[in-house]
Amino acid sequence: MDFMVFQYPMISVQACLDGILLGILFALIAYGMALQWGVMNIINIAQGDLVILGGYIAYFMYLYGIHPAWGVIVSPIIMYFVGIAIYKLVINKVVDRDLFISILATFGISILFMQLMNFAFGADVVLANSDYGTTMLFNSNVVLPNSKIFSAFISILFAICLVIYMKKSRLGRAIRATAQNARAAKILGVDTEKVYAATFGINAALCGVAGALISITFTIHPYMGLPYTIRSFMIVIVAGLGNLPGVAMSGMGLGVFEEFADYILGTEFRIGSVFLLLVLILVYRRFKLSRKREYLK
Amino acid sequence: MSIGKNNIILYIGILIFGIAAPFLFPAFKVQLSILCVLIVLATTWNIQGGEMGYNSFGNILFYGLGMYLCASVQVGMFFPLAEWTESGGEKTFVHTPVQFFQGMAVGLVVAAVVPTIVAGLIGYSILGLRGHYFAICTLGLGVAAGEISGGIEIIGAGQGFTTPPFPNVGNLESRGEFFYYLSFLVLILTFIAVRGIYSTRFKLILNAIRDNEDKAEAMGIETMKYKIVGWMISAFFCGLAGGIMGGLVGYIDSTDVAFDGREMGVFMVLMAILGGKGTLWGPIIGATVFHIFKEGFWTFFLGWQYVALGVLIVVIVIYFPEGIMGWLREKYPQRFGEVIDEKDRKAQVELK
């Protein structure tokens, strides 16, 4: 236990800013999860592994001498087709089934991806260096890497584009209609199969963007996927489906929580505290609902 | 649930086979012990996942807890635990045979009792969640336990914990035989307990919870009580299995051996589903088939085993969710005591 973070206010400011910038990234991943959960009623455990795969695409561009920031454009395009392929091979067989089937099937995909990435890219922790430098604030007491600011900015940009796309475009309207009532949408001529595939593709593309940004700002490793899945799940259950400001807020909150947990408990308990927070949130919601004799469903 | 009328002959046959197995296959003693542990895990998972409808990824919590507790008690009874883990174990301190077996016995008791208490304590909060929330929450619980135990110094933190080595008694074979018979004993205990449970009203209540919990509650069943008791039974045997497995492997690592949600935690779900959820024999058959398949794969496709595992999970879940017992039941319904109305069956065929 280390309470230095409270004795020196500047460290708190640093942790808060770091957490908010990190949280915006989490919110982007969580938005993808909320999208597929709302539309297809699927919880995708492989979400985090898609993020890491997207990160490796940016990392490989960096290895071949292209600036990794271009990965923000290349990675979602590749990941969109990866998403479509996963949908065609596996997900379309579990869409109408029990949620647990989808959890288990995507758990299988997650293990598969983890291992294939381990073979293909090696088990080293890597990062793509963007050479963006740092920004000093408050008499250089707070140091923010520009790559983090860049990644938060890009995340917000993509989120806004997606919201507009969902509101205005034909496919966006079809997706929203399917989310409301798949049966009725089918009767009215929406090709729900296509909508599902597109939704999963968009989700994978969002993961690709987030992954590319994570490879610039943090590090990636084949086995680091599951914490991202759990984080996005947590953000979605706190915010609720289809509540975009809520997703952004709870994403930032989670980011700040993680930074403080990192300072107070130590880095080795960081991932553990995220998982523990998930359990605590679920238990809290359960007790709150049980007063009205309801339960999380 | 009857698998023919000659049940007693079947049981005696299995018992004799189980006792004779280490002499029939002397090279596979460790594998057979692991098989026993896997069957225990699959059978106890089935109490939640199959009979109660609560798909838990978190039974690994009790398994890992039992593993750490058994080894810690075994060491801590005679030597300072912190020094043991710091020095890497066996180099400084040596257990005499009496100390080893005493420690193991007390350790197994603790490894069974403490997870049961833990299950009882957290049961009220966790089992109030339903469906996929329960699944994800227990998944989080298992991973959190692994991450947190990986940061605790006294049980070895990230570098792991060496369990006491088997003392020099008997011949070279005695270590394998000891662990095999221990795990076989736990398997028999588990089987008797689970079979006993499944022949009482308790199982019917669990099935009622699975089919419709609200209605079960409306019928006056205190569902929460039964859910917690069911989980505690699972935790008891998972803890025992973990304690034995710790001694068998000889080395405990927080995320790779004890709280191995990615491996053991999924295996138990997979084995139960492969054999058939909600049956007595399903998890046993599933675990046996799975273990043979897995070992074959581990030997011949070394390095690709997790890729195969991932594919296997997807294939089983999508194409074979009813499992072996479910398939048999569809094929030979008469043997499961189901009466088929020929007229009804024909009518259904015509409808299709």
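The values are calculated or read from the model by the stated rules, or taken from the named source; none is laboratory data. Nothing here was measured: the structure is a model prediction, and the numbers come from that model. Reconstructed Cβ throughout: ideal geometry from the backbone, glycine too, with neighbour counts over all protein chains shown.
Which of the numbered conditions does A:P245 fail, given that it passes all the others? Conditions: (1) in a helix (DSSP H, G or I); (2) touching a residue at least 60 places away in the same chain (Cβ under 8 Å).
Here A:P245 clears every test but (2).
State the number of residues belonging to region A:151-200 that are in contact (Cβ under 8 Å) with a residue 12 or more places away in the chain and over 24 Å from A:V95 (Cβ atoms).
Qualifying residue count, region A:151-200: 8.
Taking region B:124-176, which residues are in contact with a helix residue (DSSP H, G or I) (Cβ under 7 Å, 6 or more places away or on another chain), more than 10 Å from chain A (Cβ to nearest Cβ) and small (G, A, S)?
Within region B:124-176, B:G156, B:G176 qualify.
Would you mind finding the one in B:T299, B:T279, B:T255, B:T288 that is within 14 Å of chain A (Cβ to nearest Cβ) and polar (S, T, N, Q)? Before the answer, list the steps.
On the way: B:T299 fails: within 14 Å of chain A (Cβ to nearest Cβ); B:T279 fails: within 14 Å of chain A (Cβ to nearest Cβ); B:T288 fails: within 14 Å of chain A (Cβ to nearest Cβ).
Result of the check over B:T299, B:T279, B:T255, B:T288: B:T255.
So which residues in region A:77-100 are outside any helix (DSSP H, G or I) and facing chain B (nearest Cβ under 7 Å), if there are any at all?
A:V90, A:V94
Any residue in region B:284-296 that is under 18 Å from B:W45 (Cβ atoms) and β-branched (V, I, T) sitting within a Cβ distance under 6 Å of a residue that is assigned to a helix (DSSP H, G or I) and modelled with pLDDT of 90 or more? List the pairs, counting only those 6 or more apart or interchain.
B:I284/B:I39
So, in region A:147-179, how many residues would count as being in a helix (DSSP H, G or I) and more than 22 Å from the chain's Cα centre (by Cα)? If you could, list the steps in order and put the result at the bottom.
The initial filter retains those residues of region A:147-179 that are in a helix (DSSP H, G or I), namely A:147-168, A:170-179.
With the extra rule that they be more than 22 Å from the chain's Cα centre (by Cα), the set shrinks to A:168, A:170-171, A:173-174, A:177-178.
Total satisfying the criteria: 7.
Select, from B:Q305, B:Q334, the only residue that is of a type in the set (S, T, N, Q) and either within 12 Å of chain A (Cβ to nearest Cβ) or under 30 Å from B:E153 (Cβ atoms) (or both).
On the way: B:Q334 fails: either within 12 Å of chain A (Cβ to nearest Cβ) or under 30 Å from B:E153 (Cβ atoms) (or both).
When all the criteria are applied, what remains is B:Q305.
Restricting the search to region A:259-272, which residues are surrounded by 18 or more Cβ atoms within 10 Å (Cβ to Cβ) and within 13 Å of chain B (Cβ to nearest Cβ)?
Within region A:259-272, A:A261, A:D262, A:F269, A:I271, A:G272 qualify.
If you scan region B:118-167, which residues turn out to be buried (at least 21 other Cβ atoms within 10 Å of the Cβ), assigned to a loop (DSSP other than H, G, I, E, B) and without any contact (Cβ under 8 Å) to a residue 60 or more places away in the chain?
B:L129 - this is the single residue of region B:118-167 that is buried (at least 21 other Cβ atoms within 10 Å of the Cβ), assigned to a loop (DSSP other than H, G, I, E, B) and without any contact (Cβ under 8 Å) to a residue 60 or more places away in the chain.
Checking B:I273 against (1) among the aliphatic types (A, V, I, L, M); (2) surrounded by fewer than 24 Cβ atoms within 10 Å (Cβ to Cβ); (3) within 12 Å of another protein chain (Cβ to nearest Cβ), only one condition comes out false. Which one?
(2)
Conditions first: (1) outside any loop (DSSP other than H, G, I, E, B); (2) farther than 23 Å from A:G54 by Cβ. A:T229 passes all but one, so which condition is the exception?
Going through (1) outside any loop (DSSP other than H, G, I, E, B); (2) farther than 23 Å from A:G54 by Cβ one by one, A:T229 breaks only (2).
Could you list, in sequence order, the residues of region B:32-90 that are away from chain A (no Cβ under 14 Å) and not in a helix (DSSP H, G or I)?
Keep residues of region B:32-90 that are away from chain A (no Cβ under 14 Å), which gives B:32-44, B:46-47, B:51, B:59, B:62-63, B:65-90.
Selection gives B:M77, B:F78, B:F79, B:P80, B:S87, B:G88, B:G89, B:E90.
State the number of residues belonging to region A:101-146 that are facing chain B (nearest Cβ under 8 Å) and more than 21 Å from the chain's Cα centre (by Cα).
Count: 2.
If a residue has to be surrounded by 15 or more Cβ atoms within 10 Å (Cβ to Cβ), outside any loop (DSSP other than H, G, I, E, B) and at pLDDT below 80 to count, how many in region A:113-143 make the cut?
Quick first cut of region A:113-143, residues surrounded by 15 or more Cβ atoms within 10 Å (Cβ to Cβ) only: A:113-118, A:121, A:126-128, A:130, A:132, A:142.
Those still in the list that are outside any loop (DSSP other than H, G, I, E, B) too: A:113-118, A:121, A:126, A:142.
Now drop any that are not at pLDDT below 80, which leaves A:126, A:142.
The total comes to 2.
Test B:M245 against the criterion of being assigned to a helix (DSSP H, G or I), touching a helix residue (DSSP H, G or I) at 6+ places or on another chain (Cβ under 9 Å) and surrounded by fewer than 20 Cβ atoms within 10 Å (Cβ to Cβ), and give yes or no.
On the way: assigned to a helix (DSSP H, G or I): yes; touching a helix residue (DSSP H, G or I) at 6+ places or on another chain (Cβ under 9 Å): yes; surrounded by fewer than 20 Cβ atoms within 10 Å (Cβ to Cβ): no.
So B:M245 does not fit the description; no.
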